[in-house]
1. Kindly provide the set of residues from segment A:55-75 that are at pLDDT below 95 and within 8 Å of chain B (Cβ to nearest Cβ), ordered by number.
2. Residues to consider are A:ASN305, A:ASN313; find the one that is open to solvent by 10 Å² or more (accessible area, probe 1.4 Å) and closer than 28 Å to A:ASP61 by Cα.
3. Among the residues of segment A:153-185, write down those that are among the charged types (D, E, K, R) and open to solvent by 10 Å² or more (accessible area, probe 1.4 Å).
4. So B:THR124 fits all but one of (1) open to solvent by 40 Å² or more (accessible area, probe 1.4 Å); (2) more than 14 Å from every other protein chain (Cβ to nearest Cβ); (3) at pLDDT 90 or above; (4) more than 30 Å from B:ILE425 (Cα to Cα); what number is the exception?
5. When only residues in segment A:281-290 that are assigned to a loop (DSSP other than H, G, I, E, B) and away from ligand 1 (no atom under 12 Å from the Cβ) count, which is nearest to the other protein chains (Cβ to nearest Cβ)?
6. Quick check on A:LEU26: is it under 26 Å from A:ILE222 (Cβ atoms), touching a residue at least 40 places away in the same chain (Cβ under 8 Å) and either in a strand (DSSP E or B) or open to solvent by less than 10 Å² (accessible area, probe 1.4 Å) (or both)?
7. Would you mind stating whether B:LEU105 is modelled with pLDDT of 90 or more, within 12 Å of chain A (Cβ to nearest Cβ) and closer than 23 Å to B:GLY187 by Cβ?
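The values are calculated or read from the model by the stated rules, or taken from the named source; none is laboratory data. As the structure is a computational prediction, the values presented were derived from the model and not from experiment. Neighbour counts run over all protein chains shown; Cβ positions are idealised from the backbone, glycine included. Please note that ligands, DNA and RNA were not included when accessible areas were found on the heavy atoms of the full protein model with its side chains. Shrake-Rupley method; radii C 1.70, N 1.55, O 1.52, S 1.80 Å.
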Amino acid sequence: MEKEAATPALRFETHETWNYARRSTLTLPHGPCRTPMFMPVGTQGAMKGITSAQMVELDVDLMLSNTYWMNFRPGPDVVKELGGLHGLMSWPKNILTDSGGFQMVSLLDLSTVTEEGVTFKSPVNGEMTLLTPEESISIQNRLGADIIMALDDVIPSVTTGPRVLEAQERTIRWLDRCYAAHSRPHDQNLFAIVQGGLDLDLRRKCVDAFLQRDDHIPGYAIGGLSGGEEKDIFWRVVANTCAMLPPGKPRYVMGVGYPVDIVVCVAVGADMFDCVYPCRTARFGTALADVPGGVVQLRSDKFTNDQTVIDKNCKCFICKGGMTRSRLHQVACQEGGGELITYHNIAYMMNLTARLRAAITNGTFPQFVISFMKTIFPRRVDVPDWICNALAYAKISSNLLEEHYPANEQLVIDDSVFMTMVKEAGSGHIKSPYHVKDRNIHGFQKMRNVVKEGEEEGEEVPKEKTGGKKAKMEME
Amino acid sequence: MTSLAQMPFQFTYSTVPGSCIRSGLVKTATSEVPTPALIVPMTKGVIPHVTYDIQLKLPESKMLGLLYTDLCDLDYDRIMRSQNKTAREFLFPEIIAQQPNSLFLRIRDPSTTNIVGPANGKQTAVQGGTGKVRIDSTSFLSTIFRTQPCIASLPCDEPIVEEPVNDPEAEKKALKRIRKSVMQTIGYGDQIIEMIKNPKLPELLNGALTPSDRLPALFSVLEGGWSIDSREHAVKHVNRLCDLSDAIKGTVVSGLDQVKPENISAVLAPTKVLKSDLVRVVSVLGTPDSIVTCILNGMDLFDTSYPIQLAECGYGLVFPLLTDALYAALQVGVPSYPIPFVINFSLPQFQLQNTPFVTTAKQLFEESAELLQDCTCPACTAPTGASTAYIHHLINTHEMNAVVLSSIHNLHHYQAFFTHLRAKIAENKPDLPTILLAYSQLLQKARTSQEIVMNKLGKEYKNFE
Ligand SMILES: [Zn+2]
Ligand SMILES: [Zn+2]
């Protein structure tokens, strides 16, 4: 039985499940959202190069906007007068705003956290500004998004020690202040963010505290990830936190956007995802595709004369319309036309979540996940351990390598690929060229991007290792 | 090879009696373009800031301007040939390739001064995305055979030579440079005509020409800057080129951007003796008032990126189109009340202006409100239609969607401007020339009454000598 909705502004119905994975409809004031759902990020009220009309055509149900930036320009009162973010952007579907706190992690040098709130230096006018939970909610009430987020005490996910506990406890106290300040529960859903770093005990304490308040919490987010933690810890935190959360409420994993990560998170029970990755990477000529490694780096000279499309299964007008990689290489290498790759990447993400939903509905979820992983990681050597571990937990395959990859796999499938493989020093382990990053790092990308506003970022820069303690595993 | 097969090309037109105004139809292998019309500019085969799905919603985009250097950079003309694709097949996704549109290939980029020289009798040089590209008859013909655009405008020498004021010495020097550009441009034309008539053309082009290739319609370039004498001279030579070869189907009247607006008619006067069945293209010059002036002087196509450039500088076009209401108003004379030309989105007053662009203009210019038409472009149409306040916000936050949305709107506005002009020319009322003259005056008055800062349009004076 579904529980009574926490606010009249939200309805969450789960239609089918496959173990932890679930397909649901999240109905918000601006229409239904089909979950699992990817939510593109329009930082300052716009997707780079893609219009609101195109976003509707791309089947986007919900778009993100950053409170932090909208608070500076044009300011919440101006936005309110223009009919909220929906009115400003002429966006007929749903919007989610963050609390504005996440961006502050990037400004830690400039900011101080006290019980009252976060004080930071405005990057726009240089003035010191205090953001309290009350102020964050007041701003978000004026921006008028369908989902708003509680201000939490954000720390980088690799932080250890007493600061993690402090942040988690403060997040709970701030949550109460956020709900007390919330003036529009009838048409805005205030989500709580589970904190606790990589420590599952702390996550559990946080969730327990939230569950006492479950009656007025319409949905839950899992925060503090995608900040440089090891993937094998990342998925366990997501999986365990999802398992702790009530089944009748949506679960949003913040800042997750790599296609592989989304597939894993869906398999362990998450519903909503947001990330700037698909758009940012497009601006560097990287297209997402169902290919080994998951990406086509169109700036590479090897595509100069490649007459295939980016992704033959993609329904976007670029792929379906037969625009070749050769042609897109020309676009990617020069100024102008970058919007085309952004468009494809969003189409890819929307298509990926649509396929996940269809697979859950059809009962073919495990088959889909395995075939997806085999596409991205075509050989045994390519499959990262954390994928195997996560799929075992999700009961998709108790041993992915043994069950789905030939035992005596011929390593040399493609000469050029073999040539690029390197032996990792000392380990005798062959590192696959298709390995996606071992760590979640786009969270930091996002933050650094905020610091250097308007400046283009280079591709992912690995974050140096930090001695984060291993999460205590709470496998059932 | 006896004679070179030509691509299908047909131009039919009629002239409004008692005037030079023409209305016509350009038929190519892939589209039919009623004239007068806008040639929609592209960069790297994409309309700047307008993705193909949106281009599809601008069905008037039937003639698309393709930059020569976009084909040569990184050897893409050879890549297209190796893939056995024409430029149209290579550049466009199906949704655009299936649409009726034609490629108009030209050397000159209407959005910038890309002809960099030094030019000599054999070759000219232009700035491409990856460096300077030298163009001679061989490379030019090789590229057009490999890529098969419907129309190819011939190479030209086009210096920026401003008209000196009260300085006879400088004027003499400037005139000398203009005359040289006319002769060099004609010289390129002569060389190309000679080459296509040469039975050894396939060998000369060293394999670039295959038996199935056809010769695009060639448009010769008519230079002459602001000098009426030079224009007369150039016209004679363009006519002579036509006599030499039936491959010449049109002419591009270039360099008009260097002519003072009030002198455009005088500078265009020599074109009255151009062979009348040539399609007449005006290149670069793009303000609506000058376009109407050019139409009054018998021009057919307009190769300009003015609407996109305005968008890039933060302006949205709202000037009145030649509707029945405006036609009736102009019959009385040019209205004395203020007429809007653009919305300057950057103005602080628009922060709370949550209305479509044209509605904003109607509110600001109450007296002319009934002359303005609500916009039906993909950027303005509800439910996702952009407001003035939204573009203001996007400009303030340096979001590229400001330019994306205003480019869509401006391009649509320009296409609607041509649609309305064609409709009124087709009606062919006896007072049409008078009304067009008054319309041009109204547009000029509207344009000059608002301060328009074209930040990206800084004119560079380049001395070729
Ligand atoms: Zn695609
Ligand atoms: Zn419009």
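1. If the condition is that a residue be at pLDDT below 95 and within 8 Å of chain B (Cβ to nearest Cβ), then A:TRP69, A:ARG73, A:PRO74 are the ones that fit.
2. Within the list A:ASN305, A:ASN313, the selection yields A:ASN313.
3. A:ARG163, A:GLU166, A:GLU169, A:ARG170, A:ARG173, A:ASP176, A:ARG177, A:ARG184 - these are the residues of segment A:153-185 that are among the charged types (D, E, K, R) and open to solvent by 10 Å² or more (accessible area, probe 1.4 Å).
4. Result: B:THR124 fails condition (1) only.
5. Once the filter is applied, the top-ranked residue is A:GLY285.
6. Considered against the rule, which asks whether it is under 26 Å from A:ILE222 (Cβ atoms), touching a residue at least 40 places away in the same chain (Cβ under 8 Å) and either in a strand (DSSP E or B) or open to solvent by less than 10 Å² (accessible area, probe 1.4 Å) (or both), A:LEU26 comes out as yes.
7. Criteria not met by B:LEU105.
Residue by residue, here is whether (1) of a type in the set (Asp, Glu); (2) in contact with an Asp or Glu (Cβ under 9 Å, 6 or more places away or on another chain); (3) buried (at least 21 other Cβ atoms within 10 Å of the Cβ) holds:
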site: B:LEU38; (1), (2), (3): no, yes, yes
site: B:THR43; (1), (2), (3): no, yes, yes
site: B:VAL46; (1), (2), (3): no, yes, yes
site: B:ASP53; (1), (2), (3): yes, yes, yes
site: B:LEU67; (1), (2), (3): no, yes, yes
site: B:ASP75; (1), (2), (3): yes, no, no
site: B:ARG78; (1), (2), (3): no, no, no
